[in-house]
Amino acid sequence: MLSRWFHRPTLHAPDRHHAKKVGWLELFYDLIFAAGVLQLADLLADRGTFGDFATFALHFTPLWIAWTGFTFYANRFNVDDVVHRVLVIANMFAVGAMAITSRSAMDGHPATFALAYALANTLLGALYLRAWRQVPEARDYAVYWGGTFVASGALFAISALIPTPWGYAFWALGIAAIFLAPLAGPAVTLTERYPLDMEHLAERYGLLTIIVLGESFVKVLSHLSAPGHEALVGDQLKGVYNLGITCSLWWLYFDDVAGANVKPGRSPFILWLFGHLPLTLGLAAVGVALKGAISLGLNDPADASTRWLLAGSLALVFMAVALIDAATDRPMVQMNEQARIASKWVSALVLLLVAQVGGSMTGGVFLGIVTAICAAQVGFDLMVAPLGQQDPRAVAISTAEVARMRRDGTAVRVATSAAARRSPGEAVRVGAPPELRRDLYFFFLEGGWGRVFASFAFIYLALNVCFAGLYMLEPSGVGGSQSPSFVDAFYFSVQTLGTIGYGVLHPVGQWANLVVTIEAAVGMLFAALATGTVLAKAARPRAAVLFSDTAVISRHDGVPTLMFRAANARGNDVVDAQVSLAVIMDSVSQEGRHMRRVRDLKLVRDRQPMFALSWTIFHPIDENSPLFNANLSPNGEVIGLVVTLMGHDGTYGQTIYARKIYAAADLRPGHRFVDVMGQLPDGRLLLDLAKIHDTEPET
């Protein structure tokens, strides 16, 4: 039992079986940091210029460094005694002092802010000094990182003694010392010797993100609940917009990158780490911008400072998520990663464009477009990654183990009836190289028509919004309208993209004509891609072959026979139909290796010159059959039966194919099929497809 007063720190080593949990003290530190960040971000409310945002970013970075420094220390060492708590709580006071003095620092008096940062780093250096003395095996690590943070703090302390314009040069040196330290050779060596616990780090950065995001929206709720706002329908609608934006950001981070694995190598880790700096900075600024957006008039033009703060901060968040996404690998994603990353960069650029031309639209339209961009990014991510983030490899067991359990008669973990009837070809694919995953063309052809039409409708609207924004960069570029407006520019874009050209709205000036030239080319390309995709999807021949849901085993001509049925549901001519049947079985080689073998099953008849009605396929289970004496129960060695039917469709004029897979649970020994054929009074045949699945016990 460790003493609560004092015990030695220990070096933490990652262990996938025993994850390092985030401690209560770490959560307390996160809350203090988040409060400091939001205190600093509040100063943006009255400072709407690019210079003010750059000043905010300059003062935000030391705060983020202080939090990151403590986070990495907590990741490397395990300790929770009174000495540790006192040093960490003192560090919290230093972070709080940075937040309190941030206003005077942004007003040009940064000395106190710099001293508070120097104090925070000195206290962090004290933690590393203790580790140096009491954890001998990690002294080189403690010396390097403790010295780095103390040196950065010393540079900030020196800046407090120098006149303001020149003091910022020491700030730059102090920040550069932290940013360049992970890239140095000693840092690479130390990381290889003392690997980081990435699960713990991901959880810490995720908790920080959700705290900053949540507290940002609390500001919006507090503003909406103030007297005079709660009963206004317009303010409630703006609150809905703000909630949609906040939820979209939460969705993108925690569904996109929070649970992803950092790619191997040093560069992806550096990108992942420093990508969280603009992410947290952007989220803090978004909180201030959302609060300010409540004051926008839904029917009045949006003011420039609110537009740029909201759209610019969101663009920064999208770019940061794109950077982190590029550094991580999501094993459950089936889509090529370039499309996901590119979509975020495109969204960021569109947001910047909307910020620039937002003065030509009302506040309601501006908020609606911004919210739609965020929601569309979430929708795109759901379409390309419909599966959850949990890696199934942690709970999977090998097929060899499953086969052994079947042979031994022990229970298999896959015990539900639904799982027992899954297709043998159904698999959850993980670990595929990104360049071999599905692309957009495959994505459209594989999905339903709703996916295709919804995607192209959104692309069509997005293109017109983007080009309308480009036209509004030169407000007088669209002639024929009474006054420059985004709505007129949008309608002009629709006419240009569709090559309609009524003549009322027309381009004026070199810029508008240049945009028209580009949009005409993009319009032709978009029409070609949309037409080609639709035709390729519509022209694919689809067989209307209906297979029986089950296969029966009964005696035929005195021999046990496997039988199943197929029918041509359309009733058109399918010429020279051919069918093949194979069985997938568990087997063990002479060397003891487990494998799944595919063996062909001989059929009584495997060709049909005219497949227009129904067809019962027979496989005798005699001494030459692989199924002879085989265990056909769901826990036997038979995994499934694969049926493939091919033929020439007279209607399409092309070869069609159909496939059916029967699991072991689909086999019904001792049953026979109910007859589906009949004859009408006028001599025509009746094919009752409703009975094709029906069976009855063999008499």
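The values are calculated or read from the model by the stated rules, or taken from the named source; none is laboratory data. Note that the coordinates shown come from a computational prediction; the quantities given were computed from them, not determined experimentally. We place every Cβ from the backbone using ideal geometry, glycine too, and count neighbours over all the protein chains shown.
Summary table
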| read-out | value |
| --- | --- |
| Unique match (being buried (at least 21 other Cβ atoms within 10 Å of the Cβ) and outside any helix (DSSP H, G or I)) among L314, L310, L296, L252 | L296 |
| Condition met for F366 (under 24 Å from N464 (Cβ atoms) and assigned to a helix (DSSP H, G or I)) | yes |
| Residue check, G647 farther than 21 Å from N568 by Cβ, touching a residue at least 24 places away in the same chain (Cβ under 8 Å), touching a Ser or Thr at 6+ places or on another chain (Cβ under 9 Å) and assigned to a strand (DSSP E or B) | no |
| Some residue of the stretch 421-429 being outside the structural domain of S633 (by TED's automatic domain parsing), more than 22 Å from the chain's Cα centre (by Cα) and modelled with pLDDT of 80 or more | no |
| Residue within the stretch 581-599 that is of a type in the set (G, A, S) and in contact (Cβ under 8 Å) with a residue 24 or more places away in the chain present | yes |
| Members of the stretch 101-111 found to be surrounded by 16 or more Cβ atoms within 10 Å (Cβ to Cβ) and either in a helix (DSSP H, G or I) or not polar (S, T, N, Q) (or both), listed by number | S102, A105, M106, P110, A111 |
| Of all residues in the stretch 229-255 being modelled with pLDDT of 70 or more and charged (D, E, K, R), the one that is farthest from T371 (Cα to Cα) | D255 |
| Scope the stretch 577-609; condition more than 15 Å from P626 (Cα to Cα) and crowded, with 19+ Cβ neighbours inside 10 Å; matching residues | A577, V579, Q608 |
| Members of the stretch 523-568 that are part of a loop (DSSP other than H, G, I, E, B) and in contact with a Lys or Arg (Cβ under 6 Å, 6 or more places away or on another chain) | A544, S548, T550 |
| Selected residue (only one of V545, V534, V574 is under 30 Å from G653 (Cβ atoms), surrounded by 18 or more Cβ atoms within 10 Å (Cβ to Cβ) and out of contact with any Phe, Trp or Tyr (no Cβ under 8 Å at 6 or more places or on another chain)) | V545 |
| Hits in the stretch 660-683 (condition: surrounded by fewer than 15 Cβ atoms within 10 Å (Cβ to Cβ) and touching a residue at least 12 places away in the same chain (Cβ under 8 Å)) | P669, G670, V674, D675, M677 |
| Scan of the stretch 193-220 for residues that are touching a helix residue (DSSP H, G or I) at 6+ places or on another chain (Cβ under 8 Å) and farther than 16 Å from F254 by Cα, ordered by number | R193, Y194, L196, D197, E215, S216, F217, K219, V220 |
| Unique match (being within 30 Å of H18 (Cβ to Cβ) and either assigned to a helix (DSSP H, G or I) or at pLDDT 80 or above (or both)) among R393, R406 | R393 |
| Residue that is modelled with the lowest pLDDT [pool: residues in the stretch 1-26 that are of a type in the set (A, V, I, L, M, F, W, C) and out of contact with any helix residue (DSSP H, G or I) (no Cβ under 7 Å at 6 or more places or on another chain)] | M1 |
| Identity of the residue in the stretch 32-82, outside any helix (DSSP H, G or I) and crowded, with 19+ Cβ neighbours inside 10 Å, that ends up farthest from the chain's Cα centre (by Cα) | V79 |
| Total residues in the stretch 569-594, condition within 25 Å of F611 (Cβ to Cβ) and either part of a strand (DSSP E or B) or of a type outside the set (K, R) (or both) | 14 |
| Index of the failed condition, A569 passing every other in (1) surrounded by 15 or more Cβ atoms within 10 Å (Cβ to Cβ); (2) within 25 Å of K691 (Cα to Cα) | (1) |
| Within the stretch 256-268, considering residues that are part of a helix (DSSP H, G or I) and at pLDDT below 85, the one nearest to L323 (Cα to Cα) | D256 |
| Number of positions in the stretch 477-521 that are assigned to a loop (DSSP other than H, G, I, E, B), more than 29 Å from D300 (Cα to Cα) and not polar (S, T, N, Q) | 5 |
| Near pairs, Cβ below 6 angstrom, 6+ apart or cross-chain, from the stretch 147-170 (surrounded by 14 or more Cβ atoms within 10 Å (Cβ to Cβ)) to any residue that is in a helix (DSSP H, G or I) and modelled with pLDDT under 90 | S159/G167 |
| Answer from N624, N631 - the residue that is touching a helix residue (DSSP H, G or I) at 6+ places or on another chain (Cβ under 9 Å) and either aromatic (F, W, Y) or assigned to a loop (DSSP other than H, G, I, E, B) (or both) | N631 |
| Test result for S625, within 18 Å of S587 (Cα to Cα) and either exposed (fewer than 15 other Cβ atoms within 10 Å of the Cβ) or not assigned by TED's automatic domain parsing to the domain that holds P609 (or both) | no |
| Unmet requirement for I294, which otherwise passes all of (1) touching a His at 6+ places or on another chain (Cβ under 9 Å); (2) over 15 Å from T246 (Cα atoms); (3) of a type outside the set (D, E, K, R) | (2) |
| Residue within the stretch 631-646 that is modelled with pLDDT of 90 or more, surrounded by fewer than 19 Cβ atoms within 10 Å (Cβ to Cβ) and within 45 Å of the chain's Cα centre (by Cα) present | yes |
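Quick grid of which residues meet (1) within 31 Å of the chain's Cα centre (by Cα); (2) in contact (Cβ under 8 Å) with a residue 40 or more places away in the chain:
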| residue | (1), (2) |
| --- | --- |
| L514 | no, no |
| T533 | yes, yes |
| V545 | no, yes |
| I553 | no, yes |
